[in-house]
Amino acid sequence: MNGQVRADIRAGLTVDIVLKQDQATGKLTRGIVKDILTNSPRHPHGIKVRLTDGQVGRVKNITAPA
């Protein structure tokens, strides 16, 4: 699943995100969702989330259901 639909994402999911500083390269960072920061139901570049380790980025892949 891609990370463009807010309803697909919830706290505890393992996801791959792109951090702001990695947008040019597309490097993915894996982590567990702590907070959902995007309020709109959809976003073309991915829903913005905060991981449990504090990193913030846009979801590119949902890797494992909780």
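The values are calculated or read from the model by the stated rules, or taken from the named source; none is laboratory data. Just so you know, these numbers come straight off a predicted model, no measurement behind them. We place every Cβ from the backbone using ideal geometry, glycine too, and count neighbours over all the protein chains shown. Just so you know, the surface numbers come from the protein's heavy atoms only, side chains and all, with ligands and any DNA or RNA stripped out. Shrake-Rupley method; radii C 1.70, N 1.55, O 1.52, S 1.80 Å.
For the reader, a short list of remarks on this structure follows.
- One residue alone among ALA64, ALA7, ALA11 is among the small types (Gly, Ala, Ser) and open to solvent by 80 Å² or more (accessible area, probe 1.4 Å), and that residue is ALA7.
- Tally, over region 21-47, of residues that are outside any loop (DSSP other than H, G, I, E, B) and either touching a residue at least 24 places away in the same chain (Cβ under 8 Å) or out of contact with any Leu (no Cβ under 9 Å at 6 or more places or on another chain) (or both): 10
- Scanning region 14-46 for residues that are among the acidic types (Asp, Glu) and either out of contact with any strand residue (DSSP E or B) (no Cβ under 6 Å at 6 or more places or on another chain) or open to solvent by 80 Å² or more (accessible area, probe 1.4 Å) (or both) yields a single hit, ASP22.
- Residues of region 1-20 that turn out to be assigned to a loop (DSSP other than H, G, I, E, B) and free of Cβ contacts under 8 Å to residues at least 60 places away in the same chain, as a count: 7
- Sole residue being surrounded by fewer than 18 Cβ atoms within 10 Å (Cβ to Cβ), at pLDDT 95 or above, outside any loop (DSSP other than H, G, I, E, B) and under 8 Å from the mean Cα position of the chain (by Cα), chosen from ARG58, ARG50: ARG50
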